[in-house]
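Handing you this structure, nothing more for now.
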Amino acid sequence: MEDTLDVIKEGMCGFLYAGVYDGHAGAEAADYLKDHMFKCFQRILEEDDRCVSLNEPEQCSTDQRIPGTNDCPSEFTAKLDAAFAELDAALCEHLRENYDETVAREAGSTATVVLVRPGNMVVCANVGDSRAVLGRKGQAIALSNEHRVYGRGGAVVAEIERVQKSGAWIDDGRVFGVVGVSRAFGDWEWKIDGLERTLKEGVESGMYLADFIESVEIKESPIITRPDVAKLDLDEDDEVLVVATDGLWDVMTSAQVVSMARLEFSRGRTAQEVADMLVQKAIERKSQDNVGAVVVDLKGAEGWAAAKATKKSAGEKLLGKLFGN
């Protein structure tokens, strides 16, 4: 199992933290991220003057927020860019010091993480192709971008252009014809410091033609750890948040996942039970990848019960009108 999950229910400034990490070439990178990713967010929040207490969100000052955004903490994107780069460097060093050369060069992982304060805001940062989806009034809202170089959509086009601009090439929907994601932690052999050796070995093994490799000029790392960061206000219309690895999304659409989750919550299921159900559904649908999912209930048991009662009352009134009662 190379997929790893992490949930911290009571984080700095009243946030719930959840992360999913999809490892490749072993679980070493994903395991490291599980142990260290939250510290990135914690440090950023601790450095923000408006977030002053771990378990007292009421002390998180609101007077400096940008109107209408619930912008806490400030400058999150820039800070996460730097923090993720530092974490990637620390991961690569950890792999070199603690594992054999093959693991140190090849191990990597995606990361999709969220900070959630129900009724207030959600912050999502992602690297790779794991996905975070918000369910709002039955509609699925994407919080993350999938960093791939195949498929359709603006995010895919942007990734293709970025990778090609770096000097790398794309073959059969993969960077260098090998790497399935265009952003990842680890994957040292496909980043700028390891590429010269990797491409040379590719020529020696017959994977690449020598003349072709000599014509290639890599200007910067095509595989990066810069996250896409999204911040969104939450309100009473928000129902569920699902963060999962691509093993789930390969066999279900975001709309299907939100619909299933809403149905199960309306039946009184817990967030853990809903997450287990989604994983089982993916397995039944013959997902070819490992599946990991975190589900966050944004309404709570009372909210779902109230919504169910309202729906029942509305149905009874409609029947009354239809039959003249």
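So which residues in region 131-173 are more than 30 Å from D233 (Cβ to Cβ), in a helix (DSSP H, G or I) and charged (D, E, K, R), if there are any at all?
Hits for region 131-173 are E161, K165.
Shifting gears a bit: Considering each of A132, A125, A158, A89 in turn, give the residue that is outside the structural domain of E28 (by TED's automatic domain parsing) and either within 21 Å of the chain's Cα centre (by Cα) or not charged (D, E, K, R) (or both).
Just one listed residue meets the conditions, A158.
In this structure, does V114 turn out to be of a type outside the set (F, W, Y), in the same structural domain as V7 (by TED's automatic domain parsing) and either crowded, with 18+ Cβ neighbours inside 10 Å or in contact with a Phe, Trp or Tyr (Cβ under 6 Å, 6 or more places away or on another chain) (or both)?
Against the criterion (of a type outside the set (F, W, Y), in the same structural domain as V7 (by TED's automatic domain parsing) and either crowded, with 18+ Cβ neighbours inside 10 Å or in contact with a Phe, Trp or Tyr (Cβ under 6 Å, 6 or more places away or on another chain) (or both)), V114 qualifies.
Next question. A168 versus (1) small (G, A, S); (2) more than 18 Å from the chain's Cα centre (by Cα); (3) at pLDDT below 95: which is the lone unmet condition?
Condition (3) is where A168 drops out.
Would you say V122 is in contact with a Gly (Cβ under 7 Å, 6 or more places away or on another chain), closer than 16 Å to V294 by Cβ, not in a loop (DSSP other than H, G, I, E, B) and not acidic (D, E)?
no
Taking region 187-235 as the region of interest, how many residues are under 28 Å from H94 (Cβ atoms), in contact with a helix residue (DSSP H, G or I) (Cβ under 6 Å, 6 or more places away or on another chain), in a helix (DSSP H, G or I) and not small (G, A, S)?
Matching residues across region 187-235 total 4.
Taking region 236-274 only, how many residues are of a type in the set (D, E), outside any loop (DSSP other than H, G, I, E, B) and over 18 Å from the mean Cα position of the chain (by Cα)?
Of the residues in region 236-274, 4 are of a type in the set (D, E), outside any loop (DSSP other than H, G, I, E, B) and over 18 Å from the mean Cα position of the chain (by Cα).
The values are calculated or read from the model by the stated rules, or taken from the named source; none is laboratory data. Note that this is a predicted model, so its numbers are computed, not measured. No Cβ is skipped: glycine too gets one built from the backbone with ideal geometry, and neighbour counts run over all protein chains shown.
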